[in-house]
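Participant: Dumping the structure here so I can ask a few things about it.
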Amino acid sequence: MPLVLKKHFPDAKVSSVDYSEKALEVAKKNADFHQMNINFIHADYLNFVLEEQFDVIISNPPYIGIYEQDEIEDSVKGFEPEMALFSPTSDALIFYRKIAEDAQKQLADNGLLFLEINQKLGPETLELYEDFAEAELIKDLSGNDRFIFGKK
């Protein structure tokens, strides 16, 4: 995702936080190949302090609850690492709670927020962003709650 953003917004300062060193290594190689300057940060986001101000925050965190593991098709589980799919706790919204807190402090006025979410938790996730000037639940092509758009 950060490479696509940098390609379309070459003058933007782009940062990317990921827990997976392997994913970051691949992303760095791709950025170097395409001569893109991106700030890659290896961190456990749940224990990471954002210090910069951002105009846009985009995230697709692990949003499948531990209780849903048996419902996920093997083809999905075989394609993505578990840490990219499943919440590390019984709280499937743990990342969204942290993003909401961080965005209140670190998202610029009129800043934008784009999140991919668990289709089963649309209203509950949207509620975390009720203090934003705008917050909207958006459906995917199949009619499932899939994204949150917010404007601070």
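Participant: Does residue 49 satisfy the condition of being β-branched (Val, Ile, Thr), modelled with pLDDT of 90 or more, open to solvent by 40 Å² or more (accessible area, probe 1.4 Å) and farther than 19 Å from residue 149 by Cα?
Facilitator: On the way: β-branched (Val, Ile, Thr): yes; modelled with pLDDT of 90 or more: yes; open to solvent by 40 Å² or more (accessible area, probe 1.4 Å): yes; farther than 19 Å from residue 149 by Cα: yes.
Yes: the conditions hold for residue 49.
Participant: Moving to a separate point now. Could you tell me how many of the residues in segment 16-26 are open to solvent by less than 40 Å² (accessible area, probe 1.4 Å) and under 12 Å from residue 58 (Cβ atoms)?
Facilitator: Going through segment 16-26, the residues open to solvent by less than 40 Å² (accessible area, probe 1.4 Å) turn out to be 16, 20, 24.
From what's left, under 12 Å from residue 58 (Cβ atoms): 16.
Summing the residues that are open to solvent by less than 40 Å² (accessible area, probe 1.4 Å) and under 12 Å from residue 58 (Cβ atoms) in segment 16-26 gives 1.
Participant: What tally of residues in segment 102-139 results from selecting those that are open to solvent by 40 Å² or more (accessible area, probe 1.4 Å), among the acidic types (Asp, Glu) and not in a strand (DSSP E or B)?
Facilitator: Count: 4.
Participant: OK, next. List pairs: first in segment 19-42 and charged (D, E, K, R), second open to solvent by 40 Å² or more (accessible area, probe 1.4 Å) and outside any helix (DSSP H, G or I), Cβ under 8 Å, 6+ apart or cross-chain?
Facilitator: Listed pairs, sorted by first residue: 21/42.
Participant: Name the single residue that is nearest to residue 124 (Cα to Cα) among those in segment 53-75 being open to solvent by less than 60 Å² (accessible area, probe 1.4 Å) and modelled with pLDDT of 90 or more.
Facilitator: Among those residues, the one meeting the criterion is 59.
Participant: Also, I was wondering about something else. Given the conditions (1) open to solvent by 40 Å² or more (accessible area, probe 1.4 Å); (2) out of contact with any Gly (no Cβ under 8 Å at 6 or more places or on another chain); (3) at pLDDT 95 or above, which single one is not true for residue 99?
Facilitator: Here residue 99 meets the rest and fails (1).
The values are calculated or read from the model by the stated rules, or taken from the named source; none is laboratory data. None of these values were measured; they are calculated from a predicted model. In this analysis, Cβ positions are derived from the backbone assuming ideal geometry, glycine residues included, and neighbour counts consider all displayed protein chains. All accessible areas refer to the heavy atoms of the entire protein, side chains included, with ligands and DNA or RNA removed. Shrake-Rupley method; radii C 1.70, N 1.55, O 1.52, S 1.80 Å.
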